[in-house]
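Working notes, beginning with the structure itself.
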Amino acid sequence: MIRTLRVLATAAAVTLSSVPPLLPEGAGRPEPGSPEPGVAPLDVRALLAAARGAPPIICALGARSLRGYGWGNHGDAPVTPLGNVLPDDDDMDLERLPAADVELLLEALASDDPCVRELSARLLGWQKGNVVARPLVARIGAGDAAARAAAAFSLGLARPTSAVEPLVRTLRDASADVRANAAWALGRIGEGRALAPLLTLFRDDQPLVREAAVVAAGRFESTSTVALLVRVLRRDDAPTVRRAAAWALGQLESTDATTALAEALGRDADARVREMTAWAIGETEGRGGSAALVAALRGDASDAVRETAAWALGETEDRTAADALGAAAGGDRSARVRATAAWALGQLEARAAPAGLLRAVRDESEDVRLKAAWALGEIGDAAAQPALRDALARETDARTRRALVRALMMSGERSERTLAELLSSTDPEVREAAVRGLAGKDAFEPWPWPAPRPRPFP
């Protein structure tokens, strides 16, 4: 292993550090050609230029971040361009490196190469906290700022409780990077005695530090921070910090913050802040924010904000929002908004299907049609049967056809002609769906369940 680490440290001179992240943590994947607001597009040309000539072990580690999930080696094909440079994840014991390797990594935290520091910090973070706590604590108080920040980063990954007091002292470090990483690490460790010192950083002169402190505070299950977080949401001049405050309030599920979140949703100039406030209102399930969510769904210029507002209305289960959601499902310019609005209608347990939802089963987007069919099954409105039969006659996607059959059955369709057609279908899954429908509602739960995309996180 020590030879491998030396190869990593040497080879990292060829680094991809200038290339922006492929996808920020927790962000939903955008549709082709429509990047998320605030997310830097991938510079493919720079990526390929940096990759040319990179040592295979570096390239293999980078490739692992792009793998999907599935058959075999978590998505790898039997034959890949690199071949088997690295062993399978299950065969790599990163949590118990030899002492000599750990020492090499600790020394590498002071490297002048950012890629070497990055790899070293992350590998140290895999070690047991009691193994690396003492030497890492020594390094957050010595060396240059880059090395101190890397050591604080490692402590946050390893999460040793013995590092809490030293990290609290590090919150006064002269370097903003070190203060920010120390705050992040304390949030990861989650010891209650660190909360009060973290709150003092809400007034730090650097937005990066304030954001890290706010996110860390959101990880503590303490409603004592709500008033301070609301103040940050209303007054901080950095959008990244206000967004973090909205996320933290959503994490705390504080209904006391609903008014402030609703105000920010309607007034904040930054779309990503508004998106997060909509998410937070949904997390609190506060009915007091429904009016602001409806207004955002109807009029916000950002697709991401409108979609998150639709999702949040589904979470609040406020039936008074059905008309607005129906209009969005049937007419919003974004397919993602239409799909999520349809899903939200299925959450409301509405008594009647809005006209927009009936239009959505003929939408050009397969995802919209699937969610609309599912929602109509949840509503079970007999008046929707003609629209469902028409949509079923046109539909070519197998999953959506099953969802349409389900919706027909749940809406009370029992005509001899329709049942005969469904039960004699050449598609076995359509026949199964019809049988399920005849068996009653319970036979359908929870299938199908077209959940919306992941929500935003800082």
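Some notes on this structure:
- Residues of region 42-77 classified as at pLDDT 75 or above and surrounded by 10 or more Cβ atoms within 10 Å (Cβ to Cβ), total: 18
- Criterion violated by V178 - all others in (1) surrounded by fewer than 24 Cβ atoms within 10 Å (Cβ to Cβ); (2) more than 24 Å from the chain's Cα centre (by Cα); (3) among the β-branched types (V, I, T) satisfied: (1)
- Number of residues in region 274-293 that are over 14 Å from L348 (Cα atoms) and at pLDDT 90 or above equals 13.
- Close contacts from region 163-184, counting a first residue that is closer than 18 Å to V215 by Cβ and at pLDDT below 95 and a second that is assigned to a loop (DSSP other than H, G, I, E, B) and hydrophobic (A, V, I, L, M, F, W, C), with Cβ to Cβ under 8 Å and a gap of 6+ residues or different chains, come to none at all.
- Selection count where residues are farther than 15 Å from A280 by Cα and not in a helix (DSSP H, G or I), scope region 199-247: 9
- Selection from region 325-341 of residues that are of a type in the set (G, A, S), touching a Lys or Arg at 6+ places or on another chain (Cβ under 6 Å) and crowded, with 24+ Cβ neighbours inside 10 Å: A329, A339
- Residues of region 120-160 that turn out to be of a type in the set (D, E, K, R), outside any helix (DSSP H, G or I) and either closer than 13 Å to E107 by Cβ or in contact (Cβ under 8 Å) with a residue 60 or more places away in the chain (or both), as a count: 0
- Looking only at region 392-426, and only at residues there that are more than 26 Å from A342 (Cα to Cα) and among the charged types (D, E, K, R), the one that is surrounded by the most Cβ atoms within 10 Å (Cβ to Cβ): E421
- Total residues in region 406-428, condition of a type outside the set (S, T, Y), part of a loop (DSSP other than H, G, I, E, B) and either under 17 Å from R351 (Cα atoms) or at pLDDT 80 or above (or both): 3
- Selection count, region 417-427, where residues are closer than 14 Å to Q385 by Cα and of a type outside the set (A, V, I, L, M): 2
- Hey, E432 farther than 16 Å from G346 by Cβ and part of a loop (DSSP other than H, G, I, E, B) or not: no
- Test: residue in region 221-233 that is closer than 27 Å to L109 by Cβ, buried (at least 19 other Cβ atoms within 10 Å of the Cβ), in contact (Cβ under 8 Å) with a residue 24 or more places away in the chain and touching a Ser or Thr at 6+ places or on another chain (Cβ under 9 Å): no
- So A217, is it modelled with pLDDT of 95 or more, under 18 Å from A180 (Cβ atoms), among the small types (G, A, S) and surrounded by fewer than 19 Cβ atoms within 10 Å (Cβ to Cβ): no
- Filtered by the rule that a residue be within 13 Å of L167 (Cα to Cα) and either loosely packed, with under 15 Cβ neighbours inside 10 Å or not hydrophobic (A, V, I, L, M, F, W, C) (or both), region 197-214 gives a lone residue, P197.
- Residue in region 194-215 that is farther than 30 Å from A138 by Cβ and under 21 Å from the mean Cα position of the chain (by Cα) present: no
- Hits in region 358-374 (condition: of a type in the set (D, E, K, R) and part of a loop (DSSP other than H, G, I, E, B)): R362, D363, E364
- Only one of A269, A244 that is touching a residue at least 40 places away in the same chain (Cβ under 8 Å) and touching a Pro at 6+ places or on another chain (Cβ under 9 Å): A244
The values are calculated or read from the model by the stated rules, or taken from the named source; none is laboratory data. Here the structure is a predicted model, which is why all the values come from computation and not from measurement. Methodologically, a virtual Cβ is constructed for each residue, glycine included, from the backbone with ideal geometry; neighbour enumeration extends over all protein chains shown.
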